[in-house]
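Have a look at the structure below, then the notes.
The values are calculated or read from the model by the stated rules, or taken from the named source; none is laboratory data. Here the structure is a predicted model, which is why all the values come from computation and not from measurement. Note that we place each Cβ from the backbone using ideal geometry, even for glycine, and neighbour counts take in every protein chain shown.
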Amino acid sequence: MANPSIWPGSSSFSTGSNPTPFGFYDVDTEFQTDADKVSNFCARRLGYPLVDVELQDISFYAVFEEAVTTYGNELYAYKIRDNQLSVEGLSTGSLLNKAIITPNFEPIVKLSEQYGSEAGSGGNIEYYTGSIEVTGGKQDYDLKAWASSSGVEGEYGIEVKRVFYESPPAIVKYFDPYSGTGFGYQNLMESFGFGGMSPAINFLMMPLNYDLQVLQAIEMNDMVRRSNFSFELRNNTLKVFPIPRHSGSMYFEYIKRDDRINNSVDQTPDRITNVSDAPYDNPTYSNINSVGRQWVFEYTLALSKEVLGYVRGKYQTIPIPGAEVQLNQNDLIAAGTAEKNTLLEKLRGYFDETSRKALLERRAQEAQFTNEELKNVPYTIYIA
C-alpha cells in the first residue's frame, strides 16, 4: 500500500487549478489570502511539524470552503426564520443578503380581510344578491336548487350569509303616532324651537337609558309573545319563521365558496412562498467580520480533524522498523464531530440572542430598569 501524502509545510492558492470543489469564493482576494493561512493554522493545530499530517492543500481548501458556506447557511436560515412573515409574497428576483427588512402588516391585513369577508364588513370576497319566491304556507326552501337553476357556477357551491326576512326594527314601534300631541308637550317643543319637527320629538327629553330599555322591551315582547321573524340555514336549506302567510319575493346575500378558496391562495409566480425559495446566496467572504471569520477558522479545524481521521482510518497502522504504529483515527473523528456540534450550537445561540424578539424584549427590560432608576432621582426645585 502506498504511503499517504504528507503536508509539505506550505501552500499557494491558485484559482487556475480549481482549488475548491465548488469555487464559491475562489475569486475573492481575501478568501485566497486566508486559504493559505487557514491551511497552515490547521496543519499546526494537528501537530505539524512535530508529527506528519496526511493532508494536502486542496483538502484544507475544501473544508475551508465548506466552513464559510456553513456559516452563511446558518446566518441566512436565521434571517429567514426571523423575517418570514415580512418577506413572504415578495419577488424572488432580488437577493436579500444585504437587505434591511422592516416588519410589515401585510399578512395581518390579509388575515383581517378574511375575517371581514366572513363578517360582511369589508374583505375581498364579493357578495351577491339573490331572491326566491316565497309561497304562503311553505316554510322550507332549497337554496342549492335555486343556485343550480339560476346558473350560479362554482365547484364548491354557494354560502348564504344573510336573509332579508326579519321583523321591523324596534325603533319603528318606539314612536307612538299620538305621542306628543298634547298641548303641554307641543308647547314645550315650540318654546325650544322644535315645533316644526315630528310630534314624537319629545323622546329627546328622556334619558338615553330609558330609550334603550323601551327598545329592549319591544324586542323581548315580539320574541316571547309573538312568533318573531327569524330563519335558520342548514346545508343551504332555508327554514323561515313564522310560516309565511302570503306569497312574494324574499331576498338574500350569498358568496361563492370558490371565491373564498381562490382568494386564500396566491398563485403569482416568482414569489417567496417558503424558506426554501427565499433569495439568499452564499455569503461574500470579504464581508464577514473578524468575529465571523474566527468561527469559520475553528469550524475548518474541526472539519480537518474529521477528514484526517478518515484518511488515517484507511491505513489504520503505519509500519516502522521492527513494529507498526496504531493511528488515532477514531479520536480525530470523535473530536472533530464534537467540536462541530459545539460551534454550531454556539453560533445558533448567538443568532437567537440577536433575533428581533430577543432585542425587543431586551429593550423593554432596559426601559423598565431606566424608569426604576429615574424614580430615585429627586425633582429639581426651581426658585423664582
Complete set of residues in segment 3-45 that are among the acidic types (Asp, Glu) and either farther than 15 Å from Leu55 by Cα or in contact with a strand residue (DSSP E or B) (Cβ under 7 Å, 6 or more places away or on another chain) (or both): Asp26, Asp28, Glu30, Asp34
Which one of Thr380, Thr354 is surrounded by 10 or more Cβ atoms within 10 Å (Cβ to Cβ) and without any contact (Cβ under 8 Å) to a residue 40 or more places away in the chain? Thr354
Given (1) part of a loop (DSSP other than H, G, I, E, B); (2) of a type in the set (A, V, I, L, M, F, W, C); (3) in the same structural domain as Thr92 (by TED's automatic domain parsing), Phe297 misses just (1)
Among (1) basic (Lys, Arg); (2) under 35 Å from the mean Cα position of the chain (by Cα); (3) modelled with pLDDT of 95 or more, which single condition is Lys357 missing? (3)
For segment 174-188, indicate whether the set of residues that are modelled with pLDDT of 75 or more, touching a Phe, Trp or Tyr at 6+ places or on another chain (Cβ under 8 Å) and under 24 Å from Asp222 (Cβ atoms) is non-empty. no
Select from segment 234-275 the residues that are without any contact (Cβ under 8 Å) to a residue 60 or more places away in the chain and hydrophobic (A, V, I, L, M, F, W, C) and list them in ascending order. Val265
Pairs under 6 Å by beta carbon, first residue assigned by TED's automatic domain parsing to the domain that holds Tyr251 in segment 139-151, partner among the basic types (Lys, Arg) and assigned to a strand (DSSP E or B), six or more apart or different chains? Gln139/Lys239; Asp140/Lys239
Would you call Asp259 surrounded by 17 or more Cβ atoms within 10 Å (Cβ to Cβ) and either on the phi < 0 side of the Ramachandran plot or part of a helix (DSSP H, G or I) (or both)? yes
Step by step: first the residues of segment 63-109, then only those that are among the aromatic types (Phe, Trp, Tyr) and either assigned to a helix (DSSP H, G or I) or modelled with pLDDT of 85 or more (or both), then the one that is nearest to the chain's Cα centre (by Cα). Which residue is that? Tyr78
Within segment 327-337, can one find any residue that is farther than 30 Å from Arg312 by Cα and either surrounded by fewer than 13 Cβ atoms within 10 Å (Cβ to Cβ) or of a type in the set (Val, Ile, Thr) (or both)? no
For segment 209-232, which positions are closer than 16 Å to Leu143 by Cβ and either surrounded by 15 or more Cβ atoms within 10 Å (Cβ to Cβ) or among the β-branched types (Val, Ile, Thr) (or both)? Phe231
What are the residues in segment 24-42 that are in contact (Cβ under 8 Å) with a residue 40 or more places away in the chain and either outside any helix (DSSP H, G or I) or over 45 Å from the mean Cα position of the chain (by Cα) (or both), if any? Phe24, Tyr25, Asp28
Subset tally (residues that are among the polar types (S, T, N, Q) and either modelled with pLDDT of 95 or more or within 20 Å of Asn73 (Cβ to Cβ) (or both)) for segment 290-318: 4
